[in-house]
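The values are calculated or read from the model by the stated rules, or taken from the named source; none is laboratory data. All of these numbers come straight from a predicted model, not from anything done at the bench. Glycine gets a Cβ as well: all are built from the backbone with ideal geometry, and neighbour counts include every protein chain shown. Heads up: the accessible areas ignore ligands, DNA and RNA and are worked out on the full protein's heavy atoms, side chains in. Shrake-Rupley method; radii C 1.70, N 1.55, O 1.52, S 1.80 Å.
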Amino acid sequence: MEGKIIVVTSGKGGVGKTTATASIGAALALEGNRVAVIDMDIGLRNLDVVLGLENRIVFNIVDVVNKRCKLTQAAIRDRRIENLFLIPASQSDNKDVLTTAGVERAAKILKKEFDYILMDSPAGIEKGFENSIVSASEAIVICTPDVSSVRDADRVIGLLYARSITPKIIVNRIVPQMVAKGDMLSHEDVMEVLSVELAGLVPMDEQVVIATNMGMPLVMQNNSKAGQAFRRIAKRLNGETDLPIQVPTHKTGMWNKLSQKLGFKK
Amino acid sequence: MTIEMQPPVKLKGVGDGFWVTLDPSVSEDKLKEEVTRLFERLKHLTINARITLDTGDARGCENLIANIGTFLKNTFDVGVVTTPPAKRSVPLERIRQRDLSKGWTQHRSEVLMLRGRVRSGQRIKAKKHIVIIGNVNPGAEISAGGNIIVMGRLMGQVHAGDPDNEEAVVLALDFRPTQIQIGGVVAAGIDENSDAVAEFASIDKGRIIVQDYLKAEPFGNIPWPEVI
Ligand SMILES: Nc1ncnc2c1ncn2[C@@H]1O[C@H](COP(=O)(O)OP(=O)(O)OP(=O)(O)O)[C@@H](O)[C@H]1O
Ligand SMILES: [Mg+2]
């Protein structure tokens, strides 16, 4: 069976695309899939750092697309997680070195090799975005609970629909205390505007910064709430569609769990 | 079946003259005959009398009226012959009768009707009216030569009556545009967190005002549906 290409995108920068790509990719591999995560942010390479694979780069995605090397030469195998591969971006080129036709050709080979191919898209809706979505069949749109991020996510959703790619949403960096006080948009507020399928909700978590700086996959940290949220997202993508979406909360007391079960709104 | 027979010619005295109602579906000769019959009874009263020839709301009777007028002047020495002053109610009535009987099929109103969600960065433009069954997100732009109606939540930017029709309105079931323009008048959206009520914006004394649609009933006093 052919693999699935999922693009991770957002419109707005810095909302967690790279974090999500690395985490979901790692989690899908932990579920037993052959996974490639591809850094499409040409010129602003990040994914290798987040995964701690920076020092093993020889070839990159530009080399693959422009046939300077074989796919197997550019795919870096992760030593901690079996079946997880990274194809890094080139740091020296700019977005114009890739063409959509070139990416599509590479995508055909990738689909034969892997079960899941996650494309970490650059911010914006220009050339780099076009290259990232050209061969994708699904999209995950990352947004944070703020008005400008929602606006940009909405724009991107429109562009994806125009290409018949059905997007799902991840709301990242939720701070439950702020939501409770009304200082941050709730995920309901966000979904009211975006109204597409919700893939999951990820809380603000300092473990993300720690894991990123150490180059450790977040999803292997059992004490990371964000990591666990990404694991659940991966499970749902991988077919466990019944797995309920957990709403991040700040209290973990008995009462809170109970009230959620009873369907109260906090 | 009963067919009500209306006399083809009716005569009524008005002030210094006579009001003659003619049935234009009857032949000219027959009308002349009837007119003669009635006018002969008036004897000398017809001389220099002011005559109004009324063919009801039928159209294209100019020839008939001219012929009968000349006939009356020559035969009965009448004075001025005129037709009834054009009354607004007469053609309106006719239009409504026609609307009723023909079921509006002959009317064309240019409306762009869409359903679904209009998203940020999407722009919708229409020559005349726009109806959107769905929501308009912040960052979306709608512009219409006529009215804009949103059967849902309006959160984007709208321009009704583009470029200069200040009669246009914007109506939404939940009215929260970021910016609104009617004709050449612009207003920023109001950011009040009120409940969803149907509201509409229109121009009043050069300013855009927003009112509760069901309370203000802007079109409630138009007694009959009309095509816009
Ligand atoms: N859930 C989270 N909790 C805390 N910090 C987070 C979370 N998600 C992302 N971050 C932090 O936010 C910053 C931006 O994340 P990331 O690089 O993944 O975003 P991006 O969308 O890929 O950015 P760019 O548009 O520049 O590619 C990083 O410092 C990351 O550690
Ligand atoms: Mg990134």
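Mean sequence separation of contacting Cα pairs (under 8 Å, at least six apart), scaled by the length of chain B, corresponds to a relative contact order of 10 percent. So, with a 1.4 angstrom probe, what is the percent of accessible area on chain B that is carbon and sulfur? On chain B, the fraction of accessible area on carbon and sulfur atoms equals 51 percent.
Every Cα-Cα pair in segment B:99-215 was counted, and those over 26 Å apart are 17% of them. For the residue pairs A:Lys95/B:Lys125; A:Lys112/A:Lys225; A:Lys168/B:Lys128; A:Lys108/A:Lys235; A:Lys12/A:Lys225; A:Lys12/B:Lys215, the C-alpha atoms sit more than 31 angstrom apart in A:Lys95/B:Lys125; A:Lys112/A:Lys225; A:Lys168/B:Lys128; A:Lys12/B:Lys215. Hey, with R₀ at 60 Å, roughly what FRET efficiency would A:Arg79 and B:Glu110 work out to, going by the Cβ-Cβ distance, to 0.05? Given R0 = 60 Å and the Cβ-Cβ separation, E is 0.35. The heavy atoms of A:Tyr161 present about 100 square angstrom of accessible area, all protein chains included, probe 1.4 Å.
For chain A, list log₁₀ I(q)/I(0) at each q in 0.12, 0.14 Å⁻¹, using the Debye formula over Cα point scatterers of equal strength and ignoring solvent, two decimals each. Listed by q, the Debye log ratios stand at -0.67, -0.92. Rolling a 1.4 Å probe across the protein heavy atoms gives segment A:120-184 an accessible surface of 37 Å² per residue. Listed by chain and number, the aspartates and glutamates whose alpha-carbon sits under 12 Å from that of A:Lys4, ignoring those within fewer than 8 places in the same chain, are A:Glu113, A:Asp115, A:Glu138.
Modelled this way, with points 7 Å down the Cα-to-C-beta line, the labels at A:Asn222 and A:Asp189 are 3.6 nm from one another.
Taking all protein chains as shown and a probe of 1.4 angstrom, B:Arg37 keeps an accessible surface of around 110 Å². When both segment B:8-24 and segment B:115-177 are represented by their alpha-carbon centers, they are found 54 Å apart. In chain A, the longest principal axis of the Cα atoms and the axis of helix A:225-237 are about 70 degrees apart. Residues of segment A:145-159 whose accessible area, computed with a 1.4 Å probe over protein heavy atoms, drops by at least 10 Å² once all protein chains are present relative to their chain alone are A:Arg151, A:Asp154, A:Arg155, A:Gly158. FRET efficiency for A:Val49 and B:Gln179, Cβ-Cβ distance as r, R0 = 45 Å, nearest 0.05? Approximately 0.60, to the nearest 0.05.
Find the percent of Cα-Cα distances in the protein assembly as shown that exceed 41 Å, and round it to a whole number. Within the protein assembly as shown, distances greater than 41 Å cover 47 percent of Cα pairs. Legend: helices of chain B (whole DSSP H runs) are marked when their alpha-carbon atoms reach 18 angstrom or more along the helix axis and their mean Kyte-Doolittle hydropathy is at least 0.0; marked are B:62-76. Under 12 Å of direct C-alpha separation, and excluding same-chain neighbours fewer than eight residues apart, A:Lys17 reaches these aspartates and glutamates: A:Asp39, A:Asp41, A:Asp120.
Among B:Met151, A:Met216, A:Met40, the sequence by solvent-accessible area, most first, with a 1.4 Å probe is B:Met151, A:Met216, A:Met40. The spread of Cα positions in chain B, taken along each principal axis and listed from longest to shortest, comes to 80, 42, 28 Å.
The residues of segment B:122-228 expose on average 53 square angstrom of accessible surface per residue, using a 1.4 Å probe on protein heavy atoms. Contact order, relative form, for segment B:99-215: 16 percent (alpha carbon pairs under 8 Å, 6 or more residues apart, mean separation divided by residue count). Among A:Ser148, A:Ser135, A:Ser23, the largest mean-square fluctuation in a Gaussian network model of chain A, built with springs joining Cα atoms closer than 10 Å, belongs to A:Ser148. Using a 1.4 Å probe over protein heavy atoms, the accessible area lost on pairing A with B, summed over both chains, comes to approximately 900 Å². Within segment B:153-189, which residues have the backbone N less than 13 Å from the label spot 7 Å out from B:Ala196 along Cα→beta-carbon, could you tell me? What the label zone holds, given the 13 Å backbone N cut-off, is B:153-155, B:172-176. Placing +1 on the Cβ of every Lys and Arg and -1 on the Cβ of every Asp and Glu, with nothing else charged, gives segment B:99-215 a dipole about its Cα centre of roughly 500 debye.
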